[in-house]
1. Specify which of the listed residues (149, 187) is out of contact with any helix residue (DSSP H, G or I) (no Cβ under 6 Å at 6 or more places or on another chain), touching a residue at least 40 places away in the same chain (Cβ under 8 Å), within 15 Å of the ligand (Cβ to nearest atom) and open to solvent by 20 Å² or more (accessible area, probe 1.4 Å).
2. Can you pull out every residue in segment 158-184 that is surrounded by 15 or more Cβ atoms within 10 Å (Cβ to Cβ) and of a type in the set (Lys, Arg)?
3. List the pairs whose first member sits in segment 80-96 and is among the aromatic types (Phe, Trp, Tyr), whose second member is open to solvent by less than 10 Å² (accessible area, probe 1.4 Å), and whose Cβ atoms are under 8 Å apart, counting only residues at least 6 apart or on separate chains?
4. I'd like to know if segment 80-92 contains one or more residues that are over 22 Å from residue 177 (Cβ atoms), within 16 Å of the ligand (Cβ to nearest atom) and of a type in the set (Ser, Thr, Tyr).
5. Please report, ordered by residue number, the helices (runs of 4 or more DSSP H) entirely within segment 1-92 with at least 2 residues that are open to solvent by 60 Å² or more (accessible area, probe 1.4 Å) and farther than 22 Å from residue 149 by Cβ.
6. Conditions first: (1) away from the ligand (no atom under 16 Å from the Cβ); (2) open to solvent by 50 Å² or more (accessible area, probe 1.4 Å). Residue 138 passes all but one, so which condition is the exception?
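The values are calculated or read from the model by the stated rules, or taken from the named source; none is laboratory data. Note that this is a predicted model, so its numbers are computed, not measured. So basically every Cβ, Gly included, is an ideal-geometry build from the backbone, and we count neighbours across all protein chains shown. Surface areas here come from the heavy atoms of the whole protein model, side chains and all, with no ligands, DNA or RNA. Shrake-Rupley method; radii C 1.70, N 1.55, O 1.52, S 1.80 Å.
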Amino acid sequence: MTATTPNVLNIKEAIETRRSIRKYVQEPMNQDDLHEILRLASLAPSAWNAQTWRFAVVQDPAVKQQIQDAAYGQGQITNAPAVIVVYSDMEDTLQTVEETAHPGMGEQGREGQRKTFDGVFGGQDVAQRGQWGLSQANIAFGFMMLAARGLGYDTVPMLGFQPEKVREILGLPEHVQFAGLLPLGKRAEDGFPHHRHSVERITKFY
Ligand SMILES: Cc1cc2nc3c(=O)[nH]c(=O)nc-3n(C[C@H](O)[C@H](O)[C@H](O)COP(=O)(O)O)c2cc1C
């Protein structure tokens, strides 16, 4: 990898130094780093290895502007060199589900994967199974933020946008569901330090 960032953070450093960043250094995204962030996010786990997530990478300023308009004008979209749209496509997942069976399991695995998915999701409507698909894509969304930080980049996860408009801008089918938008680049502001519940406030030990 010809990364511009020689220092890869360990997972603790990546988690502790990630914070939402809405102003970025104005330079194009290194394409190798971008690809590596996408690859690392795609290593997220999912139930039955369904991998319902799909990514749309937006670097064209005109398209970023359109997405910003669909996101109530939130300036971090055009300010970031790249925006990754993370969404789930459960219908594509179902149509091609054999691809997600581990090759080590052979033809039997592929048939089993088809049977499982047809059995579990065949009786559900598109919205219901779409919700399940989204719960898987959210895992990749989280992985992506940490992968970016680990390679020295910053992000801000976003759900403040009109999904139907973003679908239209990107030419995505109506059934896809969004984990979120992820503006991506190098930080040009400090962001806010973490403000979180204590472990004791949110945890019961048994
Ligand atoms: C699912 C999700 C949606 C969010 N949507 C927005 C958004 O539309 N605009 C924005 O500026 N920040 C958005 N945020 C960022 C949160 O405000 C931020 O993560 C939170 O305040 C904690 O701050 P930190 O990320 O710096 O730790 C979103 C965060 C998440 C996880």
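1. Selected residue: 187, the only one of 149, 187 that is out of contact with any helix residue (DSSP H, G or I) (no Cβ under 6 Å at 6 or more places or on another chain), touching a residue at least 40 places away in the same chain (Cβ under 8 Å), within 15 Å of the ligand (Cβ to nearest atom) and open to solvent by 20 Å² or more (accessible area, probe 1.4 Å).
2. If the condition is that a residue be surrounded by 15 or more Cβ atoms within 10 Å (Cβ to Cβ) and of a type in the set (Lys, Arg), then 167 is the only one that fits.
3. 87/137; 87/176; 87/179
4. no
5. Numbers: elements: 11-17, 31-41, 61-70, 76-79.
By residue number, 61-70.
6. (1)
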